[in-house]
Number of protein chains: 4
Amino acid sequence: MSDPQTLLLTGFAPFGGETENPSWLAVRPLDGALIDGYRVVAVELPVVFGEALRALEAALDRHAPALVLCVGQAGGRAQVSLERVAINVDDARIPDNAGNLPVDTAVIEGGPAAYFSNLPIKAMREAARAAGVPCEISQTAGTFVCNHVFYGLMHALRERPGVRGGFVHIPYSPQQAAAHAGAPSLPVELATRALRAMLETALRTGEDVRIAAGATH
Amino acid sequence: MSDPQTLLLTGFAPFGGETENPSWLAVRPLDGALIDGYRVVAVELPVVFGEALRALEAALDRHAPALVLCVGQAGGRAQVSLERVAINVDDARIPDNAGNLPVDTAVIEGGPAAYFSNLPIKAMREAARAAGVPCEISQTAGTFVCNHVFYGLMHALRERPGVRGGFVHIPYSPQQAAAHAGAPSLPVELATRALRAMLETALRTGEDVRIAAGATH
Amino acid sequence: MSDPQTLLLTGFAPFGGETENPSWLAVRPLDGALIDGYRVVAVELPVVFGEALRALEAALDRHAPALVLCVGQAGGRAQVSLERVAINVDDARIPDNAGNLPVDTAVIEGGPAAYFSNLPIKAMREAARAAGVPCEISQTAGTFVCNHVFYGLMHALRERPGVRGGFVHIPYSPQQAAAHAGAPSLPVELATRALRAMLETALRTGEDVRIAAGATH
Amino acid sequence: MSDPQTLLLTGFAPFGGETENPSWLAVRPLDGALIDGYRVVAVELPVVFGEALRALEAALDRHAPALVLCVGQAGGRAQVSLERVAINVDDARIPDNAGNLPVDTAVIEGGPAAYFSNLPIKAMREAARAAGVPCEISQTAGTFVCNHVFYGLMHALRERPGVRGGFVHIPYSPQQAAAHAGAPSLPVELATRALRAMLETALRTGEDVRIAAGATH
């Protein structure tokens with residue numbers, strides 16, 4: 001009897017002066033969980049340009065997952081957001097955890113301008129909402145380590161036919177927001193619930209549903 | 001042996017097309033709870049100008065509470081907010097649940113322009129934050145039924161020396177926000193936790209702490 | 001032949017690290033203007049608790065205006081806003097220009113909790129919009145020097161029967177916003193145009209029009 | 001003596017229920033202007049998927065511009081924003097002016113996932129700010145007709161070596177914002193001033209300056 005295939009879930013270490021990162025807190029409880037016959041492997045990535053991608057690639061090699069979902073913190077956003085597209089640029093407003101401050105450099109020299117997620121993000125959004133968690137499609141993952149990892153993931157998946165991947169941003173935890181006047185928040189338990197619902201839906205969905213979720217600008 | 005004194009907590013019925021009101025969902029679980037030797041009585045108020053105040057006054061007469069905290073929904077706000085001041089005006093952008101649309105009428109004809117809460121709102125804010133719930137001071141409770149009830153409460157307390165009162169707004173629940181693209185949310189369990197922490201602190205605090213929590217505009 | 005009656009318009013000095021205050025830039029061009037037979041007198045007030053009020057009272061004594069409109073900067077607001085109510089509290093998040101940081105002290109010891117503007121703010125909002133300037137009613141003037149001056153003005157007008165007064169907040173100028181990532185702005189020329197339209201309308205309007213312009217929270 | 005080379009500036013027709021589009025109002029006054037020896041040609045594009053691109057391509061063929069800047073309205077944004085990247089997707093929340101509602105279709109079937117602007121957007125941002133106009137870099141042009149035109153422009157420029165192109169979003173005009181409660185605005189005169197400063201800077205700048213202007217998410 002063979003081992004079940006794996007789903008790779010990643011979260012990030014704390015950064016930007018925070019002592020926790022809700023993305024890792026939301027992902028960790030799913031480590032080892034069985035979802036539709038797949039085993040979840042949760043991995044924490046460093047918030048460091050380059051290093052984060054090497055850690056991701058090591059996890060891809062080690063676990064040979066059927067599907068990868070990377071998760072990051074989006075302090076200031078009010079909802080879980082499913083990213084549509086990763087762009088080939090690093091442009092850091094704040095230093096990463098190793099002090100790097102790249103400006104307008106490529107994530108992958110010579111890579112294409114962007115990659116779209118190949119997960120069914122519209123169906124996944126519906127699943128998160130049906131699970132009672134506010135969720136939206138986002139047209140930009142920024143230009144910091146989250147976008148960097150998302151781009152590097154999709155680039156790496158070109159060599160791994162049939163493997164699907166994407167990126168999800170989650171809000172501050174209430175504990176973090178209690179220290180950030182005015183910032184919206186979402187408990188990590190709800191983020192975890194949304195991630196589980198999204199994974200189940202992604203595994204069962206081939207072509208995405210056609211629901212408008214664009215932005216006029 | 002005498003009955004314990006009561007704390008009156010009120011929430012509101014759903015309005016504005018919603019099927020639930022998180023203020024009532026957050027308040028209801030505390031009904032009957034003992035907090036520092038006081039018994040909590042939770043009462044749901046209608047979202048109707050005039051009627052809401054009559055229901056509040058009936059509850060004041062019936063329960064003779066030592067402290068009153070009214071709670072309402074503030075769809076779009078990201079944090080629990082402690083209201084500083086109630087103003088003597090009704091100005092409705094949307095109809096209340098009976099179809100009333102008052103414009104620039106007094107809550108209490110001949111009443112003063114405003115009442116300040118006489119609860120230690122700064123200390124209560126700190127207590128909510130310490131309990132892990134994002135919380136802020138608000139300088140306006142609006143001009144709809146929430147402000148109406150807050151004003152009517154403080155007016156009624158003039159006849160009840162020693163009784164303290166105030167108003168708290170809470171965000172949409174995640175379930176509501178899942179249907180309102182972009183709106184921030186807070187689980188009602190966290191709102192309940194904040195309310196309990198606030199009540200404990202209010203009971204133990206005489207003069208409020210001096211912490212700046214104003215707005216430049 | 002007697003001198004025309006005066007309209008007192010006030011703006012503020014720069015504060016909070018800014019080198020200009022759009023409120024004074026918007027008010028100054030109207031100094032000496034004739035509006036409906038009234039002569040405008042423009043006065044710049046210091047951004048200092050107490051001192052600002054003494055300067056305002058001196059101007060009231062000197063010019064005996066028929067109507068007073070105080071104007072302040074609301075960095076971050078997107079529209080001209082007509083304030084409805086001034087509250088009797090100073091609560092400073094940032095120091096004023098003399099380094100004062102009052103927390104929860106009264107503007108006027110023993111004064112009422114609040115004063116409403118006695119200007120026809122709804123009609124004035126319509127006039128500003130008709131002049132092509134975005135304008136809204138605001139339910140809070142904050143707790144800094146703007147609210148302080150607005151409260152002190154309305155308190156002083158109790159001794160001056162028939163004199164009407166109010167407060168208007170205006171956004172950053174584009175030059176300021178060019179230095180504040182993401183902040184909305186309005187050219188001072190448009191603020192000046194709105195102020196002129198508001199003054200004309202205030203002079204011609206007795207009882208305010210009944211237009212809903214409230215807030216649900 | 002030869003004719004001067006041209007700069008192509010485009011704006012859009014009104015859409016979404018508006019009676020004007022500030023992008024065209026801002027662009028039109030520059031029609032025929034000489035900037036650094038180049039003649040500006042301003043063209044209005046329809047807000048219709050497909051048709052807009054055909055009109056743009058006709059203008060490219062007719063005027064053979066050295067540089068192209070397309071301009072669109074971003075109702076709700078507070079600043080002029082220089083777009084960094086166009087993505088190969090149409091996803092319409094609202095119908096275009098011909099009633100089309102594409103969902104997740106490609107702008108150009110078989111085209112790359114995205115194109116970056118090849119204009120010096122950081123230097124252009126600095127120029128707009130120096131001209132006193134609030135300006136920022138944007139990481140997403142949305143998924144409506146603006147992104148559609150921006151993507152189609154960059155795709156067309158692949159066949160026109162040496163021609164540079166990009167996209168700028170501008171806020172509502174004050175007249176529009178006066179009808180949209182709470183929306184920020186910018187006078188079209190200031191947008192025009194920013195566009196002129198941007199064009200001058202683009203013409204004089206080879207490689208862009210290295211200034212961080214990214215987003216953490």
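The values are calculated or read from the model by the stated rules, or taken from the named source; none is laboratory data. Remember, it's a predicted structure, so these values are computed and weren't measured experimentally. In this analysis, Cβ positions are derived from the backbone assuming ideal geometry, glycine residues included, and neighbour counts consider all displayed protein chains. Areas reflect the complete protein model, heavy atoms only, side chains present, ligands, DNA and RNA absent. Shrake-Rupley method; radii C 1.70, N 1.55, O 1.52, S 1.80 Å.
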Checklist entry - Tell me, what is the FRET efficiency for residue B:20 and residue B:109 to the nearest 0.05, using R0 = 35 angstrom and their Cβ-Cβ distance as r? => result 0.55
Checklist entry - For chains A and C related by rotation, which residue of A has the Cβ nearest the axis, and what is the rounded distance in Å? => result A:182, 7
Item to check | Cut-off under 5 Å, modelled amide H: who pairs with residue B:76 long-range | outcome: B:172
Checklist entry - What are the ³J(HN,Hα) values, in whole Hz, obtained from phi via the Karplus relation 6.51 cos²θ - 1.76 cosθ + 1.60 with θ = phi - 60°, for each residue of the stretch A:127-136 in sequence order, with x given for Gly and Pro? => result 5, 5, 4, 4, 7, x, 10, x, 8, 9
Item to check | Peptide B:170-183, shielding by other chains (average Cβ, 10 Å cutoff) | outcome: 5
Next on the checklist: Going by amide H atoms built from the backbone, whose H comes under 5 Å of the H on residue D:47, apart from near neighbours?
Outcome noted: D:13, D:97
Next on the checklist: Just to check, using Stokes-Einstein with a Kirkwood Rh over alpha carbon pairs, what's the diffusion coefficient of chain B at 10 °C and 1.306 mPa s in µm²/s?
Outcome noted: 92 µm²/s
Checklist outcome for this item: Computed, not fitted: 222 nm per-residue ellipticity of chain B from DSSP H runs ≥ 4 (each -39500 (n - 2.57)), nearest 500, equal to -8500 deg cm²/dmol
Next on the checklist: Under the convention of a label 7 Å out along Cα→Cβ, give the distances in nm from residue D:63 to the same position in every other copy, shortest first.
Outcome noted: 4.9, 5.3, 7.0
Checklist entry - Can you tell which of A:110, A:70, A:135 lies farthest toward the positive end of the dipole of the stretch A:64-154, using +1 and -1 charges on the Cβ of basic and acidic side chains (Lys, Arg; Asp, Glu)? => result A:135
Checklist outcome for this item: Amide H neighbours of residue A:119 at under 5 Å, excluding residues fewer than 5 places away on the same chain, with H built from the backbone geometry, are A:165
Item to check | Mean separation of Cα contacts under 8 Å, 6 or more apart, over the residue count of chain A: relative contact order % | outcome: 27 percent
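Across peptide B:111-119, what mean number of C-beta atoms from other chains lies inside 10 Å of a residue's C-beta? It would help to have the intermediate numbers written out before the result.
Working: counts 0, 3, 10, 9, 2, 6, 0, 0, 0.
For peptide B:111-119, the averaged partner shielding equals 3.
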Checklist entry - How many partner chain Cβ atoms sit within 10 Å of a residue's Cβ in peptide B:134-146, on average, as a whole number? => result 6
Checklist outcome for this item: Of B:73-79, A:102-108, C:144-150, ordering from highest average Cβ density within 10 Å down gives C:144-150, B:73-79, A:102-108
Checklist entry - Rounded to the nearest 5, what is the percent of antiparallel bridges among the DSSP beta bridges in the protein assembly as shown? => result 30 percent
Checklist outcome for this item: So the FRET efficiency between residue C:33 and residue C:204, C-beta based with R0 = 22 Å and rounded to 0.05, is 0.85
Next on the checklist: List, shortest first and in nm to one decimal, how far the label point of residue B:76 (7 Å from Cα along Cα→Cβ) is from its counterparts in the other copies.
Outcome noted: 1.4, 1.6, 2.1
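Order B:120-130, B:201-211, B:13-23, A:8-18 from most to least packed using the mean count of other Cβ atoms within 10 Å. Could the numbers behind the result be given before it?
Values: B:120-130: 22.4, B:201-211: 14.5, B:13-23: 18.5, A:8-18: 20.0.
By packing density, highest mean first, the sequence is B:120-130, A:8-18, B:13-23, B:201-211.
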Next on the checklist: For residue C:16, place a label point 7 Å from Cα along the Cα-to-Cβ direction in every copy; what are the distances to the other copies, in nm, shortest first?
Outcome noted: 2.2, 2.6, 2.8
Item to check | From phi via Karplus (6.51, -1.76, 1.60), per-residue ³J(HN,Hα) for the stretch D:83-96 in Hz, x at Gly/Pro | outcome: 7, 8, 8, 10, 10, 8, 8, 10, 8, 9, 7, 10, x, 6
Next on the checklist: Please compute, for the alpha-carbon atoms of the protein assembly as shown, the extent along each of the three principal axes and give them in descending order in Å.
Outcome noted: 83, 77, 48
Next on the checklist: Between residue C:100 and residue D:189, what's the calculated FRET efficiency when r is the beta-carbon distance and R0 is 51 Å? Round to 0.05.
Outcome noted: 0.80
Checklist entry - Hey, what do the phi angles of the stretch B:50-57 turn into as Karplus ³J(HN,Hα) couplings, whole Hz, using 6.51/-1.76/1.60 and θ = phi - 60°, x for Gly and Pro? => result x, 4, 4, 5, 5, 5, 5, 5
Item to check | DSSP bridge pairs, chain B: antiparallel proportion in percent, nearest 5 | outcome: 25 percent
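Using a probe radius of 1.4 Å on protein heavy atoms only, what is the accessible area buried between chains A and D, both sides summed, to the nearest 100 Å²? Could you put the intermediate results ahead of the total?
Numbers: alone 9870 and 9870 Å², together 16750 Å².
Chains A and D together bury roughly 3000 Å² of accessible area.
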